[in-house]
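See structure below.
The values are calculated or read from the model by the stated rules, or taken from the named source; none is laboratory data. On a predicted model such as this, the values are computed, not experimentally measured, just so you know. Note that we place each Cβ from the backbone using ideal geometry, even for glycine, and neighbour counts take in every protein chain shown.
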Amino acid sequence: MKKNNHPLIYYFTVWSLIIFFITISTSIILFQTSYGKNKIKNYFLYFAKQNNIELKIEKLSGLIPFEYKLDNVNVKYNEYSMHIDKVKFRIEFWPILTKDLVFKKFIASNITYDKTSSNNKEIKSLSKNNKDWITPILDINFKKIKLLDFNTKINETLVVLNFNGDLKINKDGKEICSNFNVYRKDFLDTTLNFKACATKENKMVDLSLLLDSKNLQAFRPFIFKNLDSSFEIYLTAKGKIDTFLSYFNNNPKNLSPINGKIELDINKLKSDNKTLDFIISRQTSFDIKFTTDKDLKIHLYKGKVQNDLISMFIDSTIDKKFNFLNSNLILKIDNLSKLNEISPLPLTGILKSTIEQNNSNFKSNINIDEFHILNTHFRNFDLNSNFTYKNDVVNGAFKASTFAFNQPFEISSNYSIKDYFFDFQNIYGFAPSSKLNGDLKITANLILLGNLSMHFDDLSQIRVFYPKMDFNANSDLKVNFHQFVEDEKSYQKADLNLKISDFYISNIFGKKLEAHIEILDPFKEKKIKTEILANDLSLHDLSLTSLKINFSTFLENHPFSIDAIGELKKPLTLKTRGFFDFKNGLEFDIQEIYGNAFSYPFSMPKPTKLVISNSLFQLDDFTLDMQEAKVFANIDLNKNKSLIDIDITHLPIDFLSLNKLDLDVSGFISSKINLQKNNFLNGKISLDVEDFKITSLLDEKPLLAKGNLIAEIDNSIVTMQSNLFVKNIKMINLNASLPLNINFFPLNIEINKNKNLLVDAEYNGKVEELLDFINIGPQRLEGDLNSQVTLSNKITDLKVNGYIHFKNGTYENYYLGTYLKDINATFLANKNNLTLKFLHAVDNKNGQVNA
């Protein structure tokens, strides 16, 4: 029986296949007819209508039912519309037999997207009872979807996007999953990956976004216009689809939270602005978590921004329109020295800042530990500010306090900010010895407007910066800031008025000084005009009743002038005029110098040029005539070679009275100096001093002296001979041969350690006359000194030979009260040894010292 059934089964199977293929072939042939294609087209229109979609298809073609080609397709859903030039998709056959609809590929090209007005502004909720959920009768699987040339406008700028991905919809819409990559057609280095899955049973959506950008070209011209960077942004979110859609609706109800996180890695952000580029051009990471509540508020928490410059921590709450309701921010910079690359002054310190926001109200605090600017310590630096932000306007007040410059200091102000315009009102600064008042505005193009007034009872604050200098004054400074407009361009202008009274700088004393300074465009052109008038200045024997200094860079040739009237033993006047420049160092084109000094008129018969820079000192053919005296100088010093040619004839040297030893000096000097230097220094020097008179504070009669010096320099070895006569008696005789290393840039003169030197010095006279030139402090030494000392060998291994005889001596120390008289002593020098051979002295109680 089984054997007889085999032919029956065989024939049944064969005829079934034949009938099946005939049916399929008939269907394919039927689908190629106009009738068949219209049926398919009408089915597409019916399916779209069932899902509230308006669909129009101009033409349907292809090998239907496997391949479909649609031309000029228009789709409209609510206020959104789309036009597609061409749609092409292919359906796999065998999955249909298992009730699966599988699109092997789906390609749409040249798509135009638009948004039209609509009375329905809400996107419908997809609740369990809502029929708007996509519910196909079979599984639908788009294996490959391409949307090419998707055209849309952003801020009136056409943007062309391409989409690449897949989509899967289970039967009855139980689960819908998609995965797409999106990129601008003309910028392939930036890709957005979008993944989402939605389930019908619990209406949950799980989505993720990954934006990978190798540069910022894809975001222009909308944002990041002056920036460039490479970065990655990763966002994940999970929640009910009704909650997601409620951000577009007006009536949210019974919403469950959405939870997610955002991660951002910035490889390097670049800017055309140097300061901004320094801050943002760092490897930076940012991550934050978020959740939503029933009012659709988004709570951001555990936010952190981290790079090698800053650490920042953020918590915030924003509403459904992404307005910030409240926030807390903490900013830390562990070392402010990291900012020194952009700071005009070196900084150190540890900064911590907090900002609290509640709707439009803000509170901020900045605290800096171990804060230093230059070498000044600003202890307990603290800045507090309260402000509001409403209608794009910031209004607030700040107060800062610190201890610096040896005293506490406070500054406060009200301020407002609108459209990058800063307005500081009622600026007030206070310290025990100074005050600050004013109003200041800063425009969007960084122009300062307003005024500042500063008063200093003394300059104790400024002395902190110059601990080795002794100075003080009572001063007032007023600064007015203006805007100067020329050729439709705005420039910064500032007028400074400075008044100083009862001031001194070391040994210089003054009663009054006033300065008016105009500055135009201080950050670019740096034009400045200055007028300085000082009265009652004094330095030892020099006193000036009037000193006027004027200079200006407003004019192209930069004129300057100096006028002085006073006394230096005798009436003194000085006038000089010329021009200057500072593009390549400091350059003076001196047109005239004339006046009267020591009862002699003096003048410069022809203009001269003076140049001073880091690598050059140049004085061209300087000539000064003073009755019988004459000075000529031609100097050219640079790093490669040097030339010095100086000729002085019978020049009064009374100006040497302006020394720190309080000596009154007069006489005349004549000198010739001719030096040349390439690798080595060569030349000659001669010096003659005539009618030299020195009078100290305690002397009744001046010390009369004369002397000379002759030196020859050969390959940087100086051979010199000098004599000094006091009261026509030779006091000093000096012969020497010195190997020198001389550099003019920077100036450095030292003895060559690798060559031998020889110095033979003789002194015969009163020791107190020698000490007129040496400050030995609160001590007095007098007596007769006779010596002959010879120095030889290398400076690192010096040999000393000779003797020193001291007779009829007296020594007194005013601080210790020590007093010795009748001092007689003999010292002998032999090679490295100095031996006291004999000593005898008597104190003020006739006690004796012998050795």
Residue that is farthest from residue 263 (Cα to Cα) [pool: residues in the stretch 276-290 that are of a type in the set (S, T, N, Q) and buried (at least 16 other Cβ atoms within 10 Å of the Cβ)]: 281
Under 7 Å between Cβ atoms, which residue pairs at least 6 apart in sequence (or on different chains) link something in the stretch 411-425 that is more than 10 Å from residue 395 (Cβ to Cβ) with a partner that is surrounded by fewer than 17 Cβ atoms within 10 Å (Cβ to Cβ) and polar (S, T, N, Q)? 413/425; 413/426; 421/443; 425/414
Could you please give the count of residues in the stretch 361-386 that are exposed (fewer than 14 other Cβ atoms within 10 Å of the Cβ) and either part of a loop (DSSP other than H, G, I, E, B) or among the aliphatic types (A, V, I, L, M) (or both)? 2
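Per-residue answers, yes or no, for (1) assigned to a loop (DSSP other than H, G, I, E, B); (2) touching an Asp or Glu at 6+ places or on another chain (Cβ under 8 Å); (3) within 19 Å of residue 164 (Cα to Cα); (4) at pLDDT 90 or above:
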site: 71; (1), (2), (3), (4): no, yes, no, yes
site: 81; (1), (2), (3), (4): no, yes, no, no
site: 86; (1), (2), (3), (4): no, yes, yes, yes
site: 122; (1), (2), (3), (4): yes, no, no, no
site: 128; (1), (2), (3), (4): yes, no, no, no
Within the stretch 583-605, the count of residues that are within 16 Å of residue 552 (Cβ to Cβ) and acidic (Asp, Glu) comes to 2
Would you confirm whether or not the stretch 769-780 contains a residue that is among the basic types (Lys, Arg) and either within 23 Å of residue 725 (Cα to Cα) or at pLDDT below 90 (or both)? yes
Conditions (1) modelled with pLDDT under 90; (2) not in a strand (DSSP E or B); number of the one not met by residue 754: (1)
Name the one entry in 713, 694 that is in a strand (DSSP E or B), modelled with pLDDT of 85 or more and of a type in the set (Val, Ile, Thr). 713
When the residues of the stretch 387-399 are narrowed to those that are part of a strand (DSSP E or B) and touching a residue at least 24 places away in the same chain (Cβ under 8 Å), which ends up surrounded by the fewest Cβ atoms within 10 Å (Cβ to Cβ)? 390
Go through the stretch 334-384 residue by residue and tally those that are among the small types (Gly, Ala, Ser), over 27 Å from residue 277 (Cβ atoms) and at pLDDT 95 or above. 0
Report, by residue number, each residue of the stretch 310-328 that is free of Cβ contacts under 8 Å to residues at least 40 places away in the same chain and either under 21 Å from residue 283 (Cα atoms) or outside any strand (DSSP E or B) (or both). 310, 311, 312, 313, 314, 319, 321, 322, 323
Confirm whether residue 791 is more than 30 Å from residue 642 (Cα to Cα) and either part of a strand (DSSP E or B) or within 55 Å of the chain's Cα centre (by Cα) (or both). yes
If a residue has to be farther than 21 Å from residue 80 by Cβ, among the aromatic types (Phe, Trp, Tyr) and modelled with pLDDT of 75 or more to count, how many in the stretch 28-45 make the cut? 1
If the Cβ limit is 8 Å and pairs must be 6+ apart or interchain, which residue in the stretch 163-189 that is at pLDDT below 95 and in a helix (DSSP H, G or I) pairs with which residue that is surrounded by fewer than 16 Cβ atoms within 10 Å (Cβ to Cβ) and among the polar types (S, T, N, Q)? 172/135; 173/135
Tally time: how many residues in the stretch 525-563 are in contact (Cβ under 8 Å) with a residue 24 or more places away in the chain and either in contact with a helix residue (DSSP H, G or I) (Cβ under 7 Å, 6 or more places away or on another chain) or basic (Lys, Arg) (or both)? 5
Among the residues of the stretch 534-553, which ones are touching a Lys or Arg at 6+ places or on another chain (Cβ under 9 Å) and under 17 Å from residue 577 (Cβ atoms)? 550, 551, 552, 553
Candidates 229, 208 - the one that is in contact (Cβ under 8 Å) with a residue 24 or more places away in the chain, touching a strand residue (DSSP E or B) at 6+ places or on another chain (Cβ under 6 Å), under 17 Å from residue 269 (Cα atoms) and not in a loop (DSSP other than H, G, I, E, B): 229
Hey, can you tell me all the residues within the stretch 340-352 that are touching a residue at least 24 places away in the same chain (Cβ under 8 Å) and either touching a strand residue (DSSP E or B) at 6+ places or on another chain (Cβ under 8 Å) or surrounded by 15 or more Cβ atoms within 10 Å (Cβ to Cβ) (or both)? 345, 346, 347, 348, 349
